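The values are calculated or read from the model by the stated rules, or taken from the named source; none is laboratory data. Predicted model, so just to flag it, every value in this text is computed and none were measured. Please note: Cβ atoms are built from the backbone with ideal geometry, for glycine as well, and neighbour counts cover all protein chains shown. Please note that ligands, DNA and RNA were not included when accessible areas were found on the heavy atoms of the full protein model with its side chains. Shrake-Rupley method; radii C 1.70, N 1.55, O 1.52, S 1.80 Å.
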Amino acid sequence: MKIAFFDAKPYDRQAFDRVAGEYGVRMKYYDTKLNADTAQLARGCDGVCVFVNDDVSAPVIDALHEMGVRFVALRCAGFNNVDVRHAFKKLHVVHVPAYSPYAVAEHAMAMLLTSIRRIHKAYNRTREFNFSLGGLTGFDLHGKTVGVVGTGKIGRVFMDICRGFGMQVIAYDKFPAKDSGIEYVELDELFARSDIISLHCPLTEETYHLVNGDSVGRMKKGVVIVNTSRGALIDADALLEGIKARQIGAACLDVYEEESDIFFEDNSGHIMEDDTLARLISMPNVLVTSHQAFLTEEALGNIAETTVKNMLEISESGMCANELCYHCGKTESCRKNRQKKCF
């Protein structure tokens, strides 16, 4: 089996070389992202392996299908960059639904603690032998209310961490988990009650710009917003205005709405053309990391293992438990639910 591996980074190659070698899968690594212009690089390959900022839109799907590519293997959980409906009966799409919920949840808490206790500022000061404490006052997490939007595996691990700090946890999910003991509330109540809001939901038409000018106005003054999920859950311009108006006390962002041409790359020698991101980074109460919440040795190993197994299953049997299909969960006639090939 030959795979065109797009947007490859050194840490990807290390993990995938080990696993792919064990299963006899040949990886052809490309630094470039998959898009309409680069799709031809997959000619002669059985499948493509892509990440969050690769373009798997309808034109790209058609180009891959015409070349005989049979499947798209996402090495991530999210798939908002894939036109799953258009891929039906053309390309099988598989993903990694869970690789390490601990990695992402722990990073969310690390960002939160860094922000509210001013660790990043203290670190920069002491490197210059400045040991003053002015401007470093934070607040206790104990006793604070955290609102968690999305109670999948990552959201639940984050909730457990928060409970360990003695926080009161409330949550919102379109599909509440039954008999979970989680205190579910409506979004408006979550916005109004939460001292901290952490986003752990997928990006869909319903969750697009979940945090916007209107919702920010309904939040508790001084709220801290944490996003380690998908950038477009937050309207970046509305976030900036909320910070300027002192309605939002701090923001911890591991993802950004327009990150595709910025994150994962070294832009230190270039002028930042995205004015909104540049202004957010310049704010003293905004902490930005470059979509690294998933980046642990454990998670990388799990991603590589699951992705390669997905490729083998879909190639050998035409069926995979991690296949994505726009029919799934929507109709009783879904073939996957009846243990049959999607197409």
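Here are a few things to note about the model shown:
- For region 41-139, the percent of C-alpha pairs falling in each 5 Å distance bin, counted from 0 to the bin holding the largest distance, reads 2, 11, 16, 14, 9, 7, 7, 8, 8, 7, 6, 4, 1.
- Projected over all directions and averaged, the alpha-carbon convex hull of region 145-215 occupies 4.7 nm².
- Loop-exposed GluC sites (Glu not before Pro) per DSSP, neighbour cap 15 Cβ within 10 angstrom, longest uninterrupted part of the chain: 1-127
- Descending Cα extents along the principal axes, region 1-73, whole Å: 33, 22, 15
- Under the combined filter of DSSP loop state and at most 12 neighbouring Cβ atoms within 10 Å, region 98-136 retains these trypsin sites (Lys or Arg not before Pro): Arg127.
- Cβ-based charge dipole, the chain, positive-most Cα from Tyr11, Val286, Val308: Val308
- The equivalent ellipsoid that matches the C-alpha gyration tensor of region 178-279 spans semi-axes of 26, 17, 11 angstrom, in descending order.
- Solvent-accessible area assigned to carbon and sulfur over region 182-238 amounts to 50 percent, based on a 1.4 Å probe.
- Each Lys and Arg contributes +1 and each Asp and Glu -1, all at the Cβ; summed about the Cα centre of region 174-247, the dipole is approximately 280 debye.
- The HN-Hα couplings worked out from phi for region 213-228 by the Karplus form 6.51 cos²θ - 1.76 cosθ + 1.60 (θ = phi - 60°) are x, 5, 5, 4, x, 8, 7, 5, 4, x, 4, 9, 10, 10, 9, 10 Hz, whole numbers, x standing for Gly and Pro.
- Fraction of the pair-distance distribution of region 274-321 above 15 Å, Cα-Cα pairs, percent: 65
- FRET efficiency for the Asp214 to Ile281 pair, using the beta carbon distance and R₀ = 22 Å, is estimated at 0.30.
- Qualifying chymotrypsin sites (Phe, Trp or Tyr not before Pro) for region 123-222 [loop in DSSP, other Cβ within 10 Å: at most 11]: Phe129, Phe131
- The three principal axes of the Cα atoms in the chain give end-to-end lengths of 61, 50, 34 Å, sorted in falling order.
- Over region 93-192, the Kirkwood radius and the radius of gyration, each from Cα atoms, give a ratio Rg/Rh of 1.08.
- Nearest-0.05 FRET efficiency for Glu265 and Asp37, computed from C-beta distance (R0 22 Å): 0.80
- Here's the picture: charge each Lys and Arg Cβ at +1 and each Asp and Glu Cβ at -1 in region 142-221, and of Val169, Val185, Gly150 the one pushed furthest to the positive end of that dipole is Val169.
- When the residues Thr145, Thr306 are ordered by accessible surface, computed with a 1.4 Å probe over the protein chains alone, the sequence from largest down reads Thr306, Thr145.
- FRET efficiency estimate (nearest 0.05) - Cβ-Cβ, Phe175 to Arg127, R0 45 angstrom: 0.45
- Net dipole in debye of region 214-257 [+1 Lys, Arg Cβ; -1 Asp, Glu Cβ; about Cα centre; nearest 20]: 300
- Ignoring lysines fewer than eight residues from Lys309 along the same chain, the ones with Cα atoms less than 16 angstrom from its Cα are Lys2.
- With protein chains left intact and a 1.4 Å probe, residues in the chain average 49 Å² of accessible area per residue.
- Figure note: Ile170, Ile262 ranked by solvent-accessible area, largest first, 1.4 Å probe, ligands and nucleic acids not counted: Ile262, Ile170.
- Distribution of pairwise C-alpha distances over region 221-341, 5 Å bins, in %: 2, 9, 15, 14, 12, 11, 11, 10, 8, 6, 2, 0
- Accessible surface of region 1-44 [probe 1.4 Å, protein heavy atoms]: carbon and sulfur percent: 46
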